[in-house]
1. Output the number of the condition that Cys321 fails; it satisfies all remaining conditions of (1) at pLDDT 95 or above; (2) within 19 Å of the chain's Cα centre (by Cα).
2. Give all pairs with beta carbons closer than 9 Å in which a residue from region 278-290 that is touching a residue at least 12 places away in the same chain (Cβ under 8 Å) and closer than 16 Å to Ser255 by Cα meets a residue that is of a type in the set (Lys, Arg) and part of a loop (DSSP other than H, G, I, E, B); count only pairs at least 6 apart in sequence or on separate chains.
3. Considering only region 24-56, how many residues are in contact with a Ser or Thr (Cβ under 7 Å, 6 or more places away or on another chain) and either closer than 23 Å to Gly176 by Cα or among the charged types (D, E, K, R) (or both)?
4. Of everything in region 4-15, what is surrounded by fewer than 24 Cβ atoms within 10 Å (Cβ to Cβ) and within 16 Å of the ligand (Cβ to nearest atom)? Give them in sequence order.
5. Within region 18-37, identify whether any single residue is within 16 Å of the ligand (Cβ to nearest atom), touching a Gly at 6+ places or on another chain (Cβ under 7 Å), of a type outside the set (D, E, K, R) and open to solvent by 40 Å² or more (accessible area, probe 1.4 Å), and answer yes or no.
6. Of everything in region 160-213, what is more than 16 Å from the ligand (Cβ to nearest atom) and in a helix (DSSP H, G or I)? Give them in sequence order.
7. Take Ala262 and tell me if it is under 23 Å from Asn10 (Cβ atoms) and without any contact (Cβ under 8 Å) to a residue 60 or more places away in the chain.
Amino acid sequence: MRQLAYCDYNAGAPLRPQAEAAWLEAAREGGNPSSIHGAGRLAHARLENAREILAKGLNARAADIVFASGATEAAHLALEGAWAAGVRRLAISAIEHECVFAFARALDPACAILPVNQAGVLDLDAVRGFAKLQDKPFLLAVMLANNETGAIQPVAEAAAIVHGAGGLLLCDACQGIGRMPATFTQLDADYLLVSGHKLGGAPGAGVLAMACGAPFSPPRHGGGQERGRRPGTENVPAIAALAAAFSASQAQWESERARLGALRDGAEAALRAMRPDLVVFAQASERLANTLCFALPRLRAETALIMLDMAGVRISSGAACSSGKVQASRALMAMGVAQERAGEALRISFGWASTAQDVEIFLAAMAPIAARAPHFMEAS
Ligand code: PLP
């Protein structure tokens, strides 16, 4: 039987066994957490238990945790809720995920886009310059780690600048949580986003954590769930799975960082041996240990993706969240990468079930593609 290698954890991690068990138990039991009968009370207890787990791990209060359907919805809630509560200017780093990038610009057409350096790290001088000029309530969105390059961002430093000027900070922590030490208080964010399926939970659950007193006027109205901040029946099975995956990733992040870092570094070294002209993006930054974003000059990303997929190897090019569209990555372009090179960018990302065998399968599939790459250009 052909062996498959899944190397695309930054797009979505497979369900962890603990999350699967938690999901199944909650789904089998059913019940609406707003119902007052026994089944409702059981679902409610499960929901509140998940909230406690998230609050404890993030060093937040349980009351600060709002469950949503994913990080995209959590981002929209935070931005819209802050805007409705009086925030009048938004700023975002140039490398934010589309769910923050596009929505912030829709909400505030004058939204400032702050640059990153060539290593893919937010320019703190630009943050200072922006913050100094603001005379209206403002909010800056900075992600914890970039989903494409893995570059870790100076979130706490940006928060100190922003807070010093009376502003607010939103941190999309989807890729960093569970992979590096990061709590709500360490990052000093006013709003923090977490996504269940990035951690090995089921799709359909995410978290918006809000600091006590962070401005928020609920942008949606309905049944009053989540203390009136996010209406709609909570997806208890996915939330239970999120909590289980979050616990597992929090407990193992340090050993996993070492293990996955070794897999990633091994893959990088082997690629360089195949092709000494290997380009590694964001190499000069502190990166997530699980992520490698690279290009083999003259090998188009879509060509590589299709050939690897045929060989059973699942990796990504640019931002996977652009729904299967392969286009030059905005994050790489913001780092000053030329359009052609950005169109060659591939990303491998590892996670809880990754093994050395996945790397071997990936490298075995990659070797003939890498060797033939120049011909693809000549033929086209
Ligand atoms: N933020 C980052 C950094 C991501 O990588 C993603 C998904 O790729 C999201 C937000 C969106 O998360 P969700 O799928 O939970 O809406």
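The values are calculated or read from the model by the stated rules, or taken from the named source; none is laboratory data. From a predicted model like this one, the values you see are computed outputs, not experimental measurements. Quick reminder, even Gly has a Cβ in these numbers, built from the backbone with ideal geometry, and neighbours come from all protein chains shown. Areas reflect the complete protein model, heavy atoms only, side chains present, ligands, DNA and RNA absent. Shrake-Rupley method; radii C 1.70, N 1.55, O 1.52, S 1.80 Å.
1. For Cys321, the exception is condition (1).
2. Listed by first residue and then by second, the contacts come to Leu288/Arg179; Ala289/Arg179; Asn290/Arg179.
3. The qualifying residues number 1.
4. Those that are surrounded by fewer than 24 Cβ atoms within 10 Å (Cβ to Cβ) and within 16 Å of the ligand (Cβ to nearest atom): Tyr6, Asp8, Ala11, Gly12, Pro14, Leu15.
5. There is no residue in region 18-37 that is within 16 Å of the ligand (Cβ to nearest atom), touching a Gly at 6+ places or on another chain (Cβ under 7 Å), of a type outside the set (D, E, K, R) and open to solvent by 40 Å² or more (accessible area, probe 1.4 Å).
6. Across region 160-213, the qualifying residues are Ala160, Ile161, Val162, His163, Gly164, Phe184, Thr185, Gln186.
7. Yes: the conditions hold for Ala262.
A quick yes/no check of all residues on (1) open to solvent by less than 20 Å² (accessible area, probe 1.4 Å); (2) at pLDDT below 95:
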position	(1), (2)
Gly200	yes, no
Ala205	yes, no
Cys212	no, yes
Phe216	no, no
Glu226	yes, no
Arg230	no, no
Thr233	no, no
Pro237	no, no
Leu242	yes, no
